[in-house]
Amino acid sequence: MTADAVVQESATRHPSLPDWVFPPPGGFIAENLDHIPDLPAHTELIDGSLVFVSPRASFHMRVVSFLESEIRRAAPQDLRVRREMTIILGPRQRLEPDLIVIKAGAARDDDETFYKAQDVVFAIEVTTPASEVRDRHRKPQLYAEAAIQYFWRVEKNPDKPVVYAYELDPTTSSYALTGIHRECVKATAPFDLVIDLTEIDRL
């Protein structure tokens with residue numbers, strides 16, 4: 001039986017549910033996300049399974065907005081900052097970091113819905129209670145395997161942001177921790193950054 005037939009049969013048995021509730025044999029592939037009708041916003045694909053996000057809290061949105069502004073201001077001309085755009089990391093992996101920094105040449109089409117891993121220099125995840133395990137474990141693993149050079153994870157601890165900065169170790173294809181930043185981020189890679197994290201309180 002084909003994948004389409006399996007989905008159609010499942011939908012016939014459960015007519016009140018959308019077709020995408022029933023994955024095809026082997027799971028979804030990255031390109032499917034552009035063609036599934038009525039898929040919830042910010043849906044990700046991890047290991048062939050659809051992953052849905054919970055509503056974002058105010059803290060999460062303020063941190064993302066602040067970092068987007070600060071990183072865009074500091075980024076060199078050959079890089080671009082994008083918010084909530086997906087990256088295809090492999091046939092069954094399509095993730096949506098909160099922020100990415102891409103090579104300027106990758107920003108070619110206003111209708112694009114994703115970037116390729118080789119176009120991404122830097123990825124940032126701001127954790128939520130629902131995403132904490134994925135953001136700490138599976139997603140960094142996938143970013144590292146796709147050779148994304150820099151990764152930040154931002155956590156709330158207890159009510160302030162803490163930035164965990166990582167750089168790819170090419171010999172192990174895994175991330176090495178390069179710093180834990182609480183009140184101020186001072187970094188020289190992927191470019192010079194000085195970010196006063198206490199400024200988030202003013203947003």
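The values are calculated or read from the model by the stated rules, or taken from the named source; none is laboratory data. All figures in this text were calculated on a predicted structure; none of them were measured in a lab. All Cβ positions, glycine included, derive from the backbone under ideal geometry; neighbour counts span all protein chains shown.
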Just a yes or no: is a residue in region 92-100 modelled with pLDDT of 95 or more, buried (at least 17 other Cβ atoms within 10 Å of the Cβ) and in contact with a Pro (Cβ under 8 Å, 6 or more places away or on another chain)? no
Out of Thr172, Thr128, I need the residue that is without any contact (Cβ under 8 Å) to a residue 12 or more places away in the chain and outside any helix (DSSP H, G or I). Which one? Thr172
Specify the residue that is surrounded by the fewest Cβ atoms within 10 Å (Cβ to Cβ); the eligible residues are those in region 140-198 that are within 16 Å of the chain's Cα centre (by Cα) and of a type in the set (A, V, I, L, M). Ala147
Sole miss for Asp201 among (1) of a type outside the set (Phe, Trp, Tyr); (2) closer than 23 Å to Ser65 by Cα; (3) outside any loop (DSSP other than H, G, I, E, B); (4) touching a residue at least 24 places away in the same chain (Cβ under 8 Å) is condition (4)
Taking into account only those residues within region 40-91 that are of a type in the set (S, T, N, Q) and not in a loop (DSSP other than H, G, I, E, B), which is surrounded by the most Cβ atoms within 10 Å (Cβ to Cβ)? Thr86
So which of His35, His42 ends up being farther than 24 Å from Leu197 by Cβ and without any contact (Cβ under 8 Å) to a residue 12 or more places away in the chain? His35
What number goes with the only condition from (1) over 15 Å from the mean Cα position of the chain (by Cα); (2) at pLDDT 95 or above that Pro40 does not pass? (2)
Unique residue being farther than 18 Å from Gln149 by Cα and at pLDDT 95 or above when the list is Phe59, Phe52, Phe66: Phe66
Determine whether region 106-118 contains at least one residue that is surrounded by 20 or more Cβ atoms within 10 Å (Cβ to Cβ) and either part of a helix (DSSP H, G or I) or at pLDDT 95 or above (or both). no
Selection from region 133-143 of residues touching a residue at least 12 places away in the same chain (Cβ under 8 Å) and not polar (S, T, N, Q) yields Arg134, Asp135, Arg136, Arg138, Lys139, Pro140, Leu142, Tyr143
Considering every residue within region 133-150, establish whether at least one is at pLDDT below 95 and of a type in the set (Gly, Ala, Ser). no
